Amino acid sequence: MLDLVSKGLFQFLASSEGLKSLASTYGMRRYGFARRFIAGESVHEAIEAAQGLEREGLSVTLDLLGESVTKPPEAKKTTREYLQIVDTMVDAEISRNLSLKLTQLGLDIDRATAIDNLRRILDFAQRFDFFVRIDMEGSRYTQLTLDMFETIWSLGYRNVGIVLQSALRRTDDDVRRMIQLGARVRLVKGAYKESWRIAYASKREVDHAYVRQAEALLVHGHYPALATHDPKIVEMIKTMARAHTAEPDRFEFQMLYGIRRDLQAGLVAEGFRVRVYIPFGREWFPYFMRRLGERPANVGFVARSLLRER
Ligand code: FDA
């Protein structure tokens with residue numbers, strides 16, 4: 001019954017009507033329920049959240065929310081915003097690490113636009129020893145994103161890393177390729193709904209692939225970021241790290257802002273490195289919906305918040 005209600009509410013939220021009414025009713029002023037996963041609208045709110053987490057021994061990566069930009073001036077504007085964010089983060093003396101999506105920088109316009117914008121950000125970031133992670137989007141973009149990453153890599157940029165998704169059948173090969181390059185990989189399960197033709201259909205297969213690829217990265221990779229909230233897999237990673245004598249400074253765990261804070265704190269207490277991905281900005285809806293889609297209980301949480309706020 002609860003599942004049916006969750007599904008209905010999820011579909012309502014995902015529909016354009018749901019989106020419109022949410023945005024107009026709650027806007028960015030009263031998005032209490034979204035605040036669980038999103039630090040705020042401005043970089044200052046994100047930095048405040050980052051400072052709080054860093055006081056607890058975590059490190060951070062900031063992500064200006066947004067994707068699927070289709071007009072060159074918008075992609076330029078996002079690029080300028082990222083330069084500003086680098087500046088602001090350096091001033092605030094928090095971890096020098098940010099995450100971005102190539103479709104924010106114009107990948108849907110053409111490759112040259114996205115590469116130019118990415119290079120502007122990497123050139124600027126390099127001056128401050130700042131690391132930039134390219135998030136991985138839906139499978140339409142996998143090959144393009146990897147091609148762009150290799151282009152950037154061949155131009156000599158080293159302050160940049162990539163994300164690979166264990167859900168995709170191709171990922172064992174991509175892990176091998178990134179190990180060969182010596183590139184820094186963030187390994188995730190994958191947040192996008194994909195066809196069984198290219199992705200594993202069952203959670204069990206995705207989990208197996210994740211563990212297999214995490215082990216390859218721990219043993220042969222260059223400072224991998226193992227991004228999961230799955231407590232069983234986290235335990236397995238700890239065991240594999242011990243077995244392969246991969247010291248805690250050779251890799252890091254990564255988790256999303258607002259998810260499994262208990263696990264984040266526990267790992268820090270045990271001496272592991274944990275980086276929290278902090279999303280912020282006005283374009284919060286697609287990210288928020290991906291988080292809801294991952295867990296029916298989150299839809300219930302939103303429903304309760306909406307009822308309370310009426
Ligand atoms: P899984 O979904 O199996 O969940 C394991 C447990 O984690 C759950 O039982 C629950 O306790 C908790 N949990 C997971 N999701 C939750 C949620 N939304 N709300 C509350 N609890 C939750 N994906 C992608 O395609 N491209 C990318 O670039 C990135 N980047 C990225 C960065 C970082 C730092 C992280 C942690 C994740 C991503 N992801 C991503 C998302 C990733 O692909 C995946 O969708 C989520 O991490 C959920 O998968 P888990 O590995 O946590 O396992």
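The values are calculated or read from the model by the stated rules, or taken from the named source; none is laboratory data. Since we're looking at a predicted model, the values are computed, not measured. Glycine gets a Cβ as well: all are built from the backbone with ideal geometry, and neighbour counts include every protein chain shown. These area figures cover heavy atoms from the full protein model, side chains too; ligands, DNA and RNA do not enter into them. Shrake-Rupley method; radii C 1.70, N 1.55, O 1.52, S 1.80 Å.
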Quick check: pseudo-label points 7 Å beyond the Cα along Cα→Cβ at residue 208 and residue 155, how many nm apart are they? 4.1 nm
Given a 1.4 Å probe, how much area per residue of the chain is accessible, in Å²? 48 Å²
For the chain, with a Gaussian network of springs between Cα atoms less than 10 Å apart, report the residue from 46, 201, 125 with the top mean-square fluctuation. 201
Give the average over all directions of the projected area of the C-alpha convex hull of the range 181-256, one decimal, in nm². 5.5 nm²
Using a 1.4 angstrom probe and counting only protein chains, how large is the accessible area of residue 208 in Å², to 10? 100 Å²
Find how much the distance from residue 195 to residue 35 grows on full extension, using 0.36 nm per residue of separation minus their present alpha carbon separation; answer in nm with one decimal. 54.5 nm
For residue 218, what accessible area in Å² do you get when you roll a 1.4 Å probe over the heavy atoms of the protein chains, rounding to the nearest 10? 10 Å²
Let me know the Rg and Dmax you get for the chain when you use only its Cα atoms, in Å. 19.0, 55
Can you compute the modelled spin-label distance between residue 74 and residue 269, with each label point 7 Å from Cα toward Cβ, in nm? 4.5 nm
Which ³J(HN,Hα) values in Hz, rounded to whole numbers, follow from the phi angles of the range 153-170 under the Karplus curve 6.51 cos²θ - 1.76 cosθ + 1.60, where θ = phi - 60° and Gly and Pro get x? 5, 5, 7, x, 6, 10, 8, 9, x, 10, 10, 10, 10, 5, 5, 7, 5, 6
Tell me the carbon and sulfur percent of the accessible area for the chain, rounded to whole percent, probe radius 1.4 Å. 52 percent
Can you tell me, using C-alpha contacts under 8 Å and at least 6 residues apart, the relative contact order of the chain as a whole percent? 23 percent
Using R₀ = 35 Å, calculate the FRET efficiency as 1/(1 + (r/R₀)^6) where r is the Cβ-Cβ separation of residue 220 and residue 56; round to 0.05. 0.65
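Tell me, Kirkwood radius of the range 124-276 from alpha-carbon pair distances, in Å? Before the final figure, lay out the partial values.
Numbers: mean 1/r = 0.0627 Å⁻¹.
Value: 16.0 Å, from the Cα pair sum.
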Please compute the length gained on full extension between residue 83 and residue 112, using 0.36 nm multiplied by the number of residues separating them and subtracting their Cα-Cα distance. 8.6 nm
Each label point is 7 Å from the Cα along the Cα-to-Cβ direction; what then is the distance between the points at residue 243 and residue 11, in nm? 4.4 nm
